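To start, the structure under review is shown below, and the notes come after it.
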Amino acid sequence: MAQKNRRRQPNIDREHALHLLREMLRIRRFEEKCVELYQASKIRGFLHLYIGEEAVAVGGMQALQPEDAIVATYREHGHALARSVPANVIMAEMYGKIEGCSRGRGGSMHLFDAATRFYGGNAIVGGGIPLAVGLALADKLAGRQRVTACFFGEGAVAEGEFHESLNLAALWKLPVLFCCENNLYAMGTALSRSESETDICLKAAAFEIPAWPVDGMDVLAVEDATRRAAIAVRGGGGPHFLEYRTYRFRAHSMYDPELYRDKQEVEEWKKRDPIPNLIERLKQQNLWQEEEWSRMEAEVALEIGQSIEFAEAGHWEPVEELTQFVYSEESPAKAQSAQS
Ligand SMILES: Cc1ncc(C[n+]2csc(CCOP(=O)(O)OP(=O)(O)O)c2C)c(N)n1
Ligand SMILES: [Mg+2]
């Protein structure tokens, strides 16, 4: 019987798999360093780690094009790194330095980068979803064949704007890809304690949006599913919905005694860690060379070390400039009368 259920493993392209591995390692090591920097008070405010979930952002980004847009949550360091936002400007943002990707005004939860069409970094649960639908609506009205990929946690399905946004996206056939990262918990609340229907794909299906679950611990499965969905969206197929089943290995944020989940459960999920699992797949297909690992670690360490140097050398925004870009110096009405 067990034999019958065993999935056949497709052949892997070695170079591509190493790229995926390296990307996941960059995120893992970047965040581990962030923990140290947080403990040293170099990084302050909130810090939500993505460790354990790397396969979702890395696999997902492979399916997206440079012209596509990304919207993410406050747990978005991995998405920004995988989207090629430079580690330097991410780290400077974590430090709150003016050289950061959001001028140091956003910090960990508000990474933004226009060049890669990375629209945050949104701290409000579900807040990115209507933004994504708006971006997709703009593309549709302008006749552009672009995809907006919106990453959000399963906690967002309890928000009204999740339902309003999915409804409009389906009604207007908008080119948006909903990427739900179901890590089973919203802070300390298990999905089953907040939802009467815990099958998230059914919620999307209620809006007539094609939806399917994906093993979010398997980077290749994530890439494959996201590619299929992105192709459908880009081709005019309207919104699609993916539920990536994943798990965060660390606490919700830096202060969380994790009383809501069993240590045994965490250990079980760690056995599915996407990084060693990909290495194992490579080994099974005789595509792994042990020296690969130390080379990759060294490259990643160098990149992260340089990002810290960059952040350390950065500057604080002068206090007198803090209101710049926040409040308009003049009211729009005043500006208009000055022009006429
Ligand atoms: C509208 C809103 N309500 C409450 C919060 C507080 N809050 C921050 S994170 C979070 C849990 C969200 O969980 P989920 O969407 O599953 O994402 P995860 O943290 O698991 O990645 C909550 C309730 C918030 N930021 N915004
Ligand atoms: Mg969650």
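Tabulated data
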item: Counted residues, the range 277-292 - those being under 25 Å from the mean Cα position of the chain (by Cα) and open to solvent by 70 Å² or more (accessible area, probe 1.4 Å); result: 1
item: Pairs, first under 16 Å from ARG103 (Cα atoms) and hydroxyl-bearing (Ser, Thr, Tyr) in the range 296-313, second open to solvent by 30 Å² or more (accessible area, probe 1.4 Å) and part of a helix (DSSP H, G or I), C-beta under 8 Å, six or more apart; result: SER307/ASN88
item: Every residue from the range 166-191 that is open to solvent by less than 40 Å² (accessible area, probe 1.4 Å) and of a type outside the set (A, V, I, L, M, F, W, C); result: PRO175, GLU181, ASN182, ASN183, TYR185, GLY188
item: Filter result for TYR255 (under 25 Å from the mean Cα position of the chain (by Cα), over 30 Å from ALA170 (Cβ atoms) and either surrounded by 14 or more Cβ atoms within 10 Å (Cβ to Cβ) or of a type in the set (Ser, Thr, Tyr) (or both)); result: yes
item: Test for GLU317: is it over 14 Å from ALA87 (Cα atoms), in contact (Cβ under 8 Å) with a residue 12 or more places away in the chain and surrounded by 12 or more Cβ atoms within 10 Å (Cβ to Cβ); result: yes
item: Matching residues, the range 171-193, being near ligand 1 (Cβ under 7 Å from one of its atoms) and out of contact with any Phe, Trp or Tyr (no Cβ under 6 Å at 6 or more places or on another chain); result: TYR185, ALA186, MET187
item: Single residue of the range 258-273 satisfying the filter (part of a helix (DSSP H, G or I) and within 16 Å of ligand 2 (Cβ to nearest atom)) that is least open to solvent (accessible area, probe 1.4 Å); result: VAL266
item: Pairs where the first residue, in the range 64-77, is open to solvent by 10 Å² or more (accessible area, probe 1.4 Å) and the second is among the β-branched types (Val, Ile, Thr) and more than 14 Å from ligand 1 (Cβ to nearest atom), C-beta under 9 Å, 6+ apart; result: LEU64/ILE70; LEU64/VAL147; LEU64/THR226; GLN65/VAL147; PRO66/THR116; GLU67/VAL147
item: Cβ-Cβ under 8 Å pairs, at least 6 apart or on other chains, the range 182-210 side more than 19 Å from HIS48 (Cα to Cα) and of a type in the set (S, T, N, Q), far side within 15 Å of ligand 1 (Cβ to nearest atom) and outside any loop (DSSP other than H, G, I, E, B); result: SER194/GLY155; SER194/ALA158; SER194/ALA186; THR198/LEU191; THR198/SER192
item: Residue count, the range 28-71 (criterion: in a helix (DSSP H, G or I) and farther than 30 Å from ASP139 by Cα); result: 12
item: Test: ARG295 is more than 25 Å from the chain's Cα centre (by Cα) and at pLDDT 95 or above; result: yes
item: Members of the range 243-275 found to be touching a strand residue (DSSP E or B) at 6+ places or on another chain (Cβ under 8 Å) and more than 16 Å from GLU32 (Cα to Cα), listed by number; result: GLU243, TYR244, ARG245, THR246, TYR260, ARG261
item: Of all residues in the range 134-193 being more than 16 Å from ligand 2 (Cβ to nearest atom) and touching a Ser or Thr at 6+ places or on another chain (Cβ under 6 Å), the one that is nearest to GLY235 (Cα to Cα); result: VAL176
item: Those residues of the range 80-90 which are among the aliphatic types (A, V, I, L, M) and either open to solvent by 10 Å² or more (accessible area, probe 1.4 Å) or at positive phi (or both), in sequence order; result: ALA82, VAL89
item: Filter pass, ALA158 being surrounded by fewer than 17 Cβ atoms within 10 Å (Cβ to Cβ) and within 10 Å of ligand 1 (Cβ to nearest atom); result: yes
item: Complete set of residues in the range 274-295 that are assigned to a helix (DSSP H, G or I) and in contact (Cβ under 8 Å) with a residue 12 or more places away in the chain; result: PRO274, ILE275, ASN277, LEU278, ILE279, ARG281, LEU282, GLN284, GLU292, TRP293
item: Filter result (among the aromatic types (Phe, Trp, Tyr), within 21 Å of GLU53 (Cβ to Cβ) and away from ligand 1 (no atom under 16 Å from the Cβ)) within the range 70-121; result: PHE112, PHE118, TYR119
item: Candidates GLU93, GLU99, filtered to the one that is over 29 Å from TRP269 (Cα atoms) and either assigned to a helix (DSSP H, G or I) or open to solvent by less than 10 Å² (accessible area, probe 1.4 Å) (or both); result: GLU93
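The values are calculated or read from the model by the stated rules, or taken from the named source; none is laboratory data. Keep in mind it's a predicted model, so treat the numbers as computed, not measured. No Cβ is skipped: glycine too gets one built from the backbone with ideal geometry, and neighbour counts run over all protein chains shown. Surface areas here come from the heavy atoms of the whole protein model, side chains and all, with no ligands, DNA or RNA. Shrake-Rupley method; radii C 1.70, N 1.55, O 1.52, S 1.80 Å.
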